[in-house]
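So the structure is just underneath, and the comments pick up after that.
The values are calculated or read from the model by the stated rules, or taken from the named source; none is laboratory data. Fair warning: this is a prediction, and the values are worked out from it, not measured in the lab. Using ideal geometry, Cβ is built from the backbone for each residue, glycine included, and neighbour counts are taken over all protein chains shown. Accessible surface is based on the protein model in full, side chains and every heavy atom, while ligands, DNA and RNA are left aside. Shrake-Rupley method; radii C 1.70, N 1.55, O 1.52, S 1.80 Å.
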Amino acid sequence: MIPLPLIDGRTLARVITYLNKHTEDDASDEAKRKFDEEFLYGMEVGVLYDAALAANYLDIGGLFHEVCQRIADGMMNKSVEWVRKTFHIESEFTSEEEVQIKKEYAWAWEGVDSNAD
Amino acid sequence: MRIKINKKRPRIKINRRKGNGKGTGTEEYIPAEAMTAEAMSQCALDLDLIPDIMVRLPVKSLLRFRGVCKFGWWFISSPVFMKMHFDRFCADPNNEWFIIECLSPLLHHTFTVFNIESEEPPRELVPPSPASFYEMHLVGSCYGMVCLASDDDGIVLWNPALNMWKFVEVSHVSPEWVSYGFGYDSKASDFKVVRILYLMGRKHKKMWEKYRTRGYKITVQVYSANSNSWTTLKVDFLYKVSPNRNDVILHGNPYWLATIHGNEAVMYLVWFDVSESAFKTVSLSSLNLEKEATVDFVDFNGDLAAIVHDESDEGEFKTIDFWVYDNVELMWRHNYNPRAIDREVDFVCFSKNGKWLDSSHLETCLCLIQRLDL
């Protein structure tokens with residue numbers, strides 16, 4: 001028995017499902033891509049994040065890159081406040097500094113998702 | 001290539017693996033003020049994952065997330081991360097940004113960017129110094145950098161994504177005409193600008209007598225962004241190139257349509273290899289160009305391509321031929337069948353996935369449309 005202290009059971013089960021598909025002899029690249037799409041569809045950022053940690057720890061390159069891309073896709077249009085809230089980050093910037101940062105590249109704040117979600 | 005953040009000793013390291021499995025690394029230390037215990041102690045995002053997620057985000061998101069916390073501000077602005085992000089996005093086949101140069105009714109050069117794969121509307125770029133920028137014409141763009149030039153004022157290297165720019169003075173020698181080329185030396189990570197100056201012979205009588213050319217003394221100067229200096233190239237440059245700018249930039253090297261002094265019936269494609277600092281030529285003989293034909297050169301998915309327009313007597317475009325250069329056989333291959341078109345086609349450009357874009361796709365009057373890596 002090999003203890004894996006950093007990965008919980010549910011995440012490990014997901015990783016094993018992924019590995020089973022990707023190590024099938026007769027699975028084409030197209031089939032694997034389709035599987036990844038369905039497998040990762042709708043996963044919340046928290047679940048994706050656990051999968052990324054697990055894939056990083058177990059050094060499963062394909063899963064790691066795929067999940068990191070999903071996390072990036074999910075946070076692409078989100079606001080600064082959403083990132084702080086989701087990842088529990090405190091900001092040390094003063095309000096004047098924040099205004100200055102926003103002013104520098106104001107266009108980067110256009111079209112950002114509202115914080116309703 | 002992975003960036004690792006060492007939590008115990010605050011520094012980040014890029015690991016590049018060589019064939020023998022050993023890694024070479026570039027290191028950068030995290031400044032103390034960026035690694036505040038308060039901000040990151042509660043952070044649910046493992047430091048190991050931050051680089052691999054951030055490198056996948058577009059520039060717009062990164063500029064915004066700089067404001068999340070001080071560590072984010074430092075990390076996203078660090079040269080190590082910026083280079084990694086830059087290399088990744090330049091190679092991304094879905095990076096489909098274009099920059100368009102237009103002439104306004106006041107004859108000002110205006111610049112717009114748009115992404116053909118995105119639903120976002122085209123965005124007009126506001127240059128930081130409009131007074132001088134509007135007089136400058138677009139030389140070209142490659143690897144995210146735009147080069148503008150004005151014979152009177154100088155050249156500007158402009159990164160539209162970050163809206164950072166650098167003005168470079170040019171030597172004022174009153175040339176008869178000048179042509180600029182813009183390139184990127186990926187080996188040295190250096191942007192280069194080539195300036196080909198044609199000085200009238202009678203103003204330089206001794207030079208004219210020495211060179212016996214058609215009255216031109218040709219000087220070639222090369223600017224390196226890394227060293228922020230101009231070098232005059234010691235080269236016998238006997239070509240007469242298109243005025244103003246290069247015809248196309250391919251793999252970071254500028255190309256010009258050219259003829260040789262004394263034999264202007266034969267055309268060549270002259271290009272500047274920025275890594276070797278040398279001019280080379282591509283023969284156009286296999287294109288079988290007719291005398292009245294006009295030819296545009298484009299980057300077709302990394303290959304050199306030529307679009308040959310055959311005009312009728314009324315000056316309208318009759319047929320259009322598409323050729324791609326075979327680098328192995330060193331000849332041009334006919335790609336599409338000639339087809340009649342019923343509109344004037346200007347300044348064709350191709351996206352990375354082979355989509356054809358020309359002036360008819362946009363309602364404004366174009367000077368130039370080029371692919372831009374953002």
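Which residues of the stretch A:26-53 bury at least 20 Å² of accessible area once all protein chains are present, versus their chain alone (1.4 Å probe)? When all protein chains are present, A:49, A:53 each give up 20 Å² or more of accessible surface.
Can you give the FRET efficiency for residue B:276 and residue B:230, using 1/(1 + (r/R0)^6), R0 = 22 Å, r = Cβ-Cβ distance, to the nearest 0.05? The formula returns an efficiency of 0.75 here.
Listed cross-link partners A:78/A:103; A:34/B:60; A:32/A:78 are compared with a 24 Å cut-off, the Cα-Cα value being larger for A:34/B:60; A:32/A:78. What is the calculated FRET efficiency for residue A:77 to residue B:259, with r their C-beta to C-beta distance and R₀ = 51 Å, to the nearest 0.05? About 0.50, to the nearest 0.05. Ligands, DNA and RNA aside, residue A:60 has an accessible area near 30 Å² when probed at 1.4 Å. Leaving out ligands, DNA and RNA, and with a 1.4 Å probe, what % of the accessible surface on the stretch A:9-75 is carbon or sulfur? Carbon and sulfur atoms account for 48 percent of the accessible area of the stretch A:9-75. Phi angles of the stretch A:80-85 translate, via the Karplus equation with coefficients 6.51, -1.76, 1.60 and θ = phi - 60°, into HN-Hα couplings of 4, 5, 4, 4, 5, 5 Hz per residue; Gly and Pro are given as x. The contact residues of the stretch B:60-75, meaning those that lose at least 10 Å² of 1.4 Å-probe accessible area when all protein chains sit together rather than their chain alone, are B:60, B:61, B:63, B:64, B:65, B:66, B:67, B:68, B:69, B:70, B:73. Helix A:9-22 axis versus longest C-alpha principal axis of chain A: approximately 60°, rounded to the nearest ten. Association of chains A and B removes close to 3200 square angstrom of accessible area from solvent, both sides included, for a probe radius of 1.4 Å. Nearest 10 degrees, 0 to 90: what angle lies between the long axis of helix A:61-75 and the longest principal axis of chain A (Cα atoms)? Computed tilt is about 30 degrees.
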